[in-house]
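Some notes on the structure that comes next.
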2 protein chains.
Amino acid sequence: MYVTIPSEVTPQKSTNPITDKTAQVCETNLKTGAYLFYEGDPVEWLYQVKSGVLRLTRLLENGRRQVIAFGYPGDIVGFPANGLHHTDCDALSGARLQPYRRATLEKGDGDPALHQALLQAALREISAMQDHFMMLGRKSAIEKVASFLCVLAERVGQNAAGETRIELPMSRADIADFLGLTTETVSRTLTQLRKSRIIEIDNIHTIVICRQTALLGLSLGDRD
Amino acid sequence: MYVTIPSEVTPQKSTNPITDKTAQVCETNLKTGAYLFYEGDPVEWLYQVKSGVLRLTRLLENGRRQVIAFGYPGDIVGFPANGLHHTDCDALSGARLQPYRRATLEKGDGDPALHQALLQAALREISAMQDHFMMLGRKSAIEKVASFLCVLAERVGQNAAGETRIELPMSRADIADFLGLTTETVSRTLTQLRKSRIIEIDNIHTIVICRQTALLGLSLGDRD
DNA sequence: GGCCTAGATTGATCCGAGTCAAATCGCGCG
DNA sequence: CGCGCGATTTGACTCGGATCAATCTAGGCC
C-alpha cells in the first residue's frame, strides 16, 4: 500500500486480481508476525496479497527504521533488484498470498498476460513511490497522518451511515516509520483529529472517519 | 540519479550503456532549460541519458515542489504509469538522449535484450527510490547533504590529487527540493562543511571534496 | 566599466516535531 | 481478579530547520 495523493487515485484499481487462471502454484499462507523474506535474500517468487496485510521495512545501520510500504490485498510485493530482495517483509495479520515465479516477470516465459500484469504492477509501484516522496519530503505531520488515513479509507475503508471505518493492523510505531515521524507525534496528531471531531478512535486499531471532507482538506494542506 | 546509501553501491553500475547496436532511433539533443515531457503526457518513448543532466519534478497543488530525481548519464527516464508520464522533465544542462520505444519495454517486441535491459532498469529504480525514502524520512539536514555529495562524487566525481571535484548543474533550490529541505538550510549546511574543511566551494557550481571519509561518516549519521 | 537582477549567503527569530519522562491503557496470564 | 508488561498517550522542554529579512555575489547586458 503506497500512500498516494488522494486527488489522483489511479484510474485502474490496483486491487484488481491478476488473472490467475494459469496460476501454476497454489496460494500460500503466512501467519501473523512470520517473515516472507529478508533483505538480501535471492528472489525466487513475487507475491500478490490476497488477504491480510504485509509490512515491508528497511533498517539503517544505526538502528533507524523505515517502513517502505504496507502490502494490502491486490498489491504485489517482492520485486527484485539485481536478483535480491531489498526489504524485509513480514505479516501484520495472517495473510494469503499468490506466488508468481520471478521468471514470469523477468523472462515472460509461460504466460505473456501474467508477465504483462507483473510489469505493469512494477511500473505503477514506481509512480506510487514518487507520490510517497512528496509525503516524506514536503508534508507536515498532520498532512501526513491525514493523507495516510484517507488512502486507507479509500483502499480498505468500510462505509456505513456516512462514516468510514478503517482497521489499522499496524502499530503507531509502524505508522511513524512509514510517515517519517515519531510514535509520539503520530499519537498526538490522532488525538488532535479526534478532538476536532474529524475522526473517532474506536479502539487502538479501529478508526472511524466522521468528516471525510475535512480530513481530505487537511491532507492537502488546507489550514485546519 | 537516485541518491543511494553510499555503503551499498549497486554492484552492476547503472552507467553501463544499454546495448545500442540495435537502436533504431538516433540520439536526440535537449537544450538547457528545454522540457522533454510534462506530467500527464502520454508516454511514447523512454530515454537513456547519454550526456548532460535532466531534472524530474512534481508539483503539489499548493505550489510545493519535489525534485524526484536527477537524470545522469546511464540513467533511464520516462517510465510510464498507466501509460502516462508522472513527472515533468527538463534539462539542467544540454543533454544527449537515446530514445527507446515504450513498446520495447512493455511488449518486448523487436529486441528481447533491450526489453530485458529496460525491465531491469525499472526494477533498479524501485530499489533506488526505497533508498531515497530513508533519506527523506529519517535523515538530518547534514546527513542528507553529505549523502547527496557522496553519491554525486561516486557517480560523476573527478578524482585528482586525492581530492574529488564535482559539478553541480542544479541550483540550491533544486538540491533543497530533492532532499526535502529549504535553500537556506542547504546553503548553511554547505557553509558548515566548508568551515570544517571537509569540502571547498570552488564556485557555486563546483565543489571539491577534501575529506571523503569524514563526509561519508556524516552521511551515515556519525556525530560530526 | 557599471548597473541590474536572480541566486546565494548570512542573520535573527520562531515553531513544529523530536526527546525525555511520566502516566495510563489494555491485554495475557497465573 | 489482580498483576505485569508492552504499547499508547500525555506533558514539559529542547532544538533543528523553517521563516522572514537583509545583504552579498556573479553573470548578463548596455
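So which residues in segment B:210-224 are surrounded by fewer than 15 Cβ atoms within 10 Å (Cβ to Cβ) and either in a helix (DSSP H, G or I) or free of Cβ contacts under 8 Å to residues at least 24 places away in the same chain (or both)? Walk me through it before giving the result.
Start the filter on segment B:210-224 by keeping residues that are surrounded by fewer than 15 Cβ atoms within 10 Å (Cβ to Cβ), which leaves B:213, B:222-224.
Those that are surrounded by fewer than 15 Cβ atoms within 10 Å (Cβ to Cβ) and either in a helix (DSSP H, G or I) or free of Cβ contacts under 8 Å to residues at least 24 places away in the same chain (or both): B:THR213, B:ASP222, B:ARG223.
Go through (1) within 14 Å of another protein chain (Cβ to nearest Cβ); (2) within 12 Å of the chain's Cα centre (by Cα); (3) not aromatic (Phe, Trp, Tyr) for B:GLY52 and report which single condition fails.
(1)
Given the criteria in the same structural domain as A:THR28 (by TED's automatic domain parsing) and more than 21 Å from the chain's Cα centre (by Cα), does A:ALA122 qualify?
No, not satisfied.
Given the options A:ILE175, A:ILE166, A:ILE207, name the one that is part of a strand (DSSP E or B) and within 14 Å of DNA strand C (Cβ to nearest atom). Talk me through it step by step, then tell me what you get.
Details: A:ILE175 fails: part of a strand (DSSP E or B); A:ILE166 fails: within 14 Å of DNA strand C (Cβ to nearest atom).
Answer to the selection: A:ILE207.
Based on this model, can you work out whether A:GLY33 counts as in a loop (DSSP other than H, G, I, E, B), surrounded by fewer than 22 Cβ atoms within 10 Å (Cβ to Cβ) and not basic (Lys, Arg)? Spell out the reasoning first.
Details: in a loop (DSSP other than H, G, I, E, B): yes; surrounded by fewer than 22 Cβ atoms within 10 Å (Cβ to Cβ): yes; not basic (Lys, Arg): yes.
The answer is yes for A:GLY33.
So in segment B:171-188, with the set limited to residues that are of a type in the set (Gly, Ala, Ser) and in contact with a Lys or Arg (Cβ under 8 Å, 6 or more places away or on another chain), which one is surrounded by the fewest Cβ atoms within 10 Å (Cβ to Cβ)? Walk me through it before giving the result.
Of the residues in segment B:171-188, the ones of a type in the set (Gly, Ala, Ser) are B:171, B:173, B:176, B:180, B:187.
Restricting the remaining residues to those that are in contact with a Lys or Arg (Cβ under 8 Å, 6 or more places away or on another chain) gives B:180, B:187.
Details: B:GLY180: 23, B:SER187: 15.
In this case the residue turns out to be B:SER187.
Hey, among B:ALA160, B:ALA113, which residue is away from DNA strand D (no atom under 16 Å from the Cβ), outside the structural domain of B:ALA91 (by TED's automatic domain parsing) and either more than 21 Å from the chain's Cα centre (by Cα) or surrounded by 21 or more Cβ atoms within 10 Å (Cβ to Cβ) (or both)?
When all the criteria are applied, what remains is B:ALA160.
Give the number of residues within segment B:143-186 that are within 14 Å of chain A (Cβ to nearest Cβ) and touching a strand residue (DSSP E or B) at 6+ places or on another chain (Cβ under 7 Å).
Here the count works out to 3.
If you check B:SER140 against the conditions, is it within 16 Å of DNA strand D (Cβ to nearest atom), within 14 Å of another protein chain (Cβ to nearest Cβ), small (Gly, Ala, Ser) and in contact (Cβ under 8 Å) with a residue 12 or more places away in the chain?
Numbers: within 16 Å of DNA strand D (Cβ to nearest atom): yes; within 14 Å of another protein chain (Cβ to nearest Cβ): yes; small (Gly, Ala, Ser): yes; in contact (Cβ under 8 Å) with a residue 12 or more places away in the chain: yes.
Taking the combined requirement at face value, the residue satisfies it.
From the list A:ALA153, A:ALA146, A:ALA176, which one is free of Cβ contacts under 8 Å to residues at least 40 places away in the same chain, outside the structural domain of A:ILE76 (by TED's automatic domain parsing) and not polar (S, T, N, Q)? First the steps, then the outcome.
On the way: A:ALA153 fails: free of Cβ contacts under 8 Å to residues at least 40 places away in the same chain; A:ALA146 fails: free of Cβ contacts under 8 Å to residues at least 40 places away in the same chain.
Matching residue, one of A:ALA153, A:ALA146, A:ALA176: A:ALA176.
Assuming B:ASN62 fulfils every condition listed in (1) facing chain A (nearest Cβ under 9 Å); (2) in a strand (DSSP E or B); (3) over 18 Å from the mean Cα position of the chain (by Cα) apart from one, which condition is it?
Exception for B:ASN62: condition (2).
The values are calculated or read from the model by the stated rules, or taken from the named source; none is laboratory data. Bear in mind that the values here come from a model prediction, so they are computed numbers and not experimental data. When we count neighbours, we look across all protein chains shown, and the Cβ atoms used for this are built from the backbone with ideal geometry, even at glycine.
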